[in-house]
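Each reported figure results from applying straightforward, stated rules to the coordinates on display, with no laboratory input. Just so it is clear, the structure is predicted and the values come from calculations on it, not from any experiment. Here the Cβ is made from the backbone with ideal geometry for all residues, glycine too, and neighbour counts use every protein chain on show.
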Amino acid sequence: MKQITFGNFDEGEPVWSPDGATLYFTSDRNFEPYYATTGADIYAVPARGGAIVKISSLDGNIGTIALSPDGRRIAFTGTANGKPVRSYDQPDLFITDATPGSTPRNLTTGYDYDVEGGIGSDQHPPRAGNGGGIIWAKDGKSVVVVTAENGRANLKRFSTSDGRIDSVTTGDHEVVSYTASSDGSRLVTLVSTPVNIGDLYVVDASSRAAPRQITHVNDALFNTLALSTPEEFWYKSFDGKRIQGWILKPPQFDPSKKYPLILEIHGGPHTAYGSSFTHEFLWMAAKGYVVLYTNPRGSTSYGQDFGNIIQFHYPGDDYKDLMLGVDEVLKRGYVDSTRMGVTGGSGGGVLTNWTVTQTHRFAAAASQRSIADWAGWWYTADFTLFNPTWFHAAPWEDPKDYSERSAITHIANVTTPLMLIEGESDMRTPPVNGGEAMFRALKYLHKPTVMVRFPDETHELSRSGKPWHRVERLRHIVGWFDKYLQHQTTTVYDVH
């Protein structure tokens, strides 16, 4: 083993040149990157060691890179900065020459979806454990990469000359990860659907033949389970924007009955729910709940403008999108409006806190890994807001904006029984400015509330936390809803 890069900066995404003589990699070489709006650039270094040279840069950030078969070009995903700074920058596909000082060309200026985007789920591998990157065709005339469109993730082929798009896979699912044969002609994909955690499929990249499933890993187990298939629907919000949602009904659903409902709100806020396996939703449905999940404004996979529209207005109109989604389900007649709950984590926790301060329509709520005090969070979170991504200015420069958008400011309005779930090692949304603030205030006001804290858990609790903590967390959430929506007798949450 020989070290070939040195200095004060991290390197990432290393790839070999076809002849093995050069290594290409990405690196963010800003000494104080928290002040910059630019991120990683592409560099090259001789494989035997030597001088590092910058190949290409972007006014934004570069993600995955891939060398063409002849080694003369590099395809990469990147997010170009908006002018002025945006809260959400949609990822695009770029191509550049593999020579120093090359200027990249955006292949997807006319494609208003997320290149190398995915769908939110609680069954993905831990961070950095999935993906597939960019796959070059042997002749260098096209590349294949996953994209997210309207709550689905499929493989697309892009012409490297003009960006023309063809679908390699289609369907109501998520291509979670993939890899290709040496010539790029065949791929193996890991595909998740709302009723299948994931199986492998072989895809012929050059034909329109249907993918061929080659594993049935969980068939024996799933054949013993009653899993509901979600119903997709679209509805218009207050300003005419179309919002996508899904309704997951209990197994053996009876439309003549009235069911309790749980509204699930995704985090991010720039991410998306969709056609992927989510254990939490299925377990809630199995326990007798109608589960509603939607992609309100701010969600990804619906275009640049839809994603960025909540900048400086979060929470706000996204909350209205969510409530109108609830109204749409109530129109169907099978939900008991007096037995509705709401939950979400991270950005979903932000909106859960906001919801219970704005309406009394929910009989119970569970807010997870949340923010209640924006100003306090600005000072303590593990990443900085030194650029105007979500706020126009710092807290002391515009205290009114921070206060008006903070749930804690409106805490006296809360009547909904509220559970707060926190990871004690969470530095993304530190408990002190989220659940702990809400809990202390509600206890002071003698309102029904409990806080569940998980030792050693980070912001990843619900996705890649310790398995026994993930199970306990979900049991608490459903137990809280069972108490207030199903009126089940329990002493677990009694105050002594």
Residue-ordered couplings for segment 281-286, obtained by feeding phi - 60° into the Karplus form 6.51 cos²θ - 1.76 cosθ + 1.60 and rounding to whole Hz (Gly and Pro as x), are 5, 5, 5, 4, 4, 5
Long-range amide H partners of ILE262, meaning residues 5 or more apart or on another chain whose placed amide H is closer than 5 Å, are VAL290, VAL291, LEU292, GLY341
Burial-style ranking of 353-362, 408-417, average other-beta-carbon count within 10 Å with highest first, yields 353-362, 408-417
So the number of lysine pairs in segment 231-485 with alpha-carbon atoms under 21 angstrom apart, 8 or more residues apart or on different chains, is 19
The ³J(HN,Hα) series, computed from each phi in segment 109-115 with the Karplus coefficients 6.51, -1.76 and 1.60 at θ = phi - 60°, rounded to the nearest Hz and given as x for glycine or proline, is 4, x, 10, 8, 9, 9, 6
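About its Cα centre, what dipole magnitude does segment 1-103 give when the only charges are +1 on Lys and Arg Cβ and -1 on Asp and Glu Cβ, stated in debye to the nearest 20? Display every interim value, and only then the final one.
Details: 8 positive and 12 negative charges, 35 e Å.
Magnitude of the dipole: close to 160 debye.
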What helix-only [θ] at 222 nm does the chain give? Using -39500 (n - 2.57) per DSSP H run of at least 4, over all residues, to the nearest 500, the answer is -5000 deg cm²/dmol
Long-range amide H partners of ALA98, meaning residues 5 or more apart or on another chain whose placed amide H is closer than 5 Å, are ARG73, ILE74
When the charge dipole of the chain is computed with +1 on Lys and Arg Cβ and -1 on Asp and Glu Cβ about the Cα centre, the Cα farthest towards its positive end, among PRO194, TRP377, ALA407, belongs to PRO194
The set of residues whose placed amide H lies less than 5 Å from the amide H of GLY423, leaving out same-chain residues fewer than 5 positions away, is ARG369, PHE454
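Taking the mean number of other Cβ atoms within 10 Å as a proxy for protection, how do you rank 54-64, 155-165 from highest to lowest?
On the way: 54-64: 20.2, 155-165: 16.8.
Answer by packing, highest mean first, reads 54-64, 155-165.
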Here the FRET efficiency for PHE386 versus VAL195, based on Cβ atoms and R0 = 56 Å and rounded to 0.05, is 0.80
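What's the local net charge at THR77, with K and R +1, D and E -1, over the other residues with C-beta under 13 Å away? Provide the component values of the computation, followed by the final result.
On the way: positive: LYS156; negative: GLU13, ASP89, ASP92, ASP114, GLU116.
Value of the local net charge: -4.
Using the beta-carbon distance between GLN488 and THR338 and R0 = 22 Å, what value does 1/(1 + (r/R0)^6) give for FRET efficiency, to the nearest 0.05?
On the way: r = 16 Å, r/R0 = 0.71.
My answer for the efficiency is 0.90.
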Around PRO395 (Cβ within 13 Å, Cβ-to-Cβ, excluding PRO395; K/R +1, D/E -1) the net charge comes to -3
In debye to the nearest 20, the charge dipole size for segment 231-485, taken about the Cα centre with +1 at each Lys and Arg Cβ and -1 at each Asp and Glu Cβ, equals 840 debye
Between the residues GLY303, LEU324, ALA286, the Cα farthest towards the positive end of the dipole of segment 286-332, that dipole coming from +1 and -1 charges on the beta-carbon of Lys, Arg, Asp and Glu, is from ALA286
Distance in nm between GLU232 and GLN252 label points, each 7 Å along Cα→Cβ, equals 3.0 nm
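Just how large is the dipole of the chain about the Cα centre, in debye to the nearest 20, putting +1 at every Lys and Arg Cβ and -1 at every Asp and Glu Cβ? Working shown, then result.
Working: 46 positive and 55 negative charges, 153 e Å.
Its charge dipole is roughly 740 debye.
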The ³J(HN,Hα) series, computed from each phi in segment 235-248 with the Karplus coefficients 6.51, -1.76 and 1.60 at θ = phi - 60°, rounded to the nearest Hz and given as x for glycine or proline, is 8, 8, 8, 4, 10, x, 5, 8, 10, 9, x, 9, 10, 10
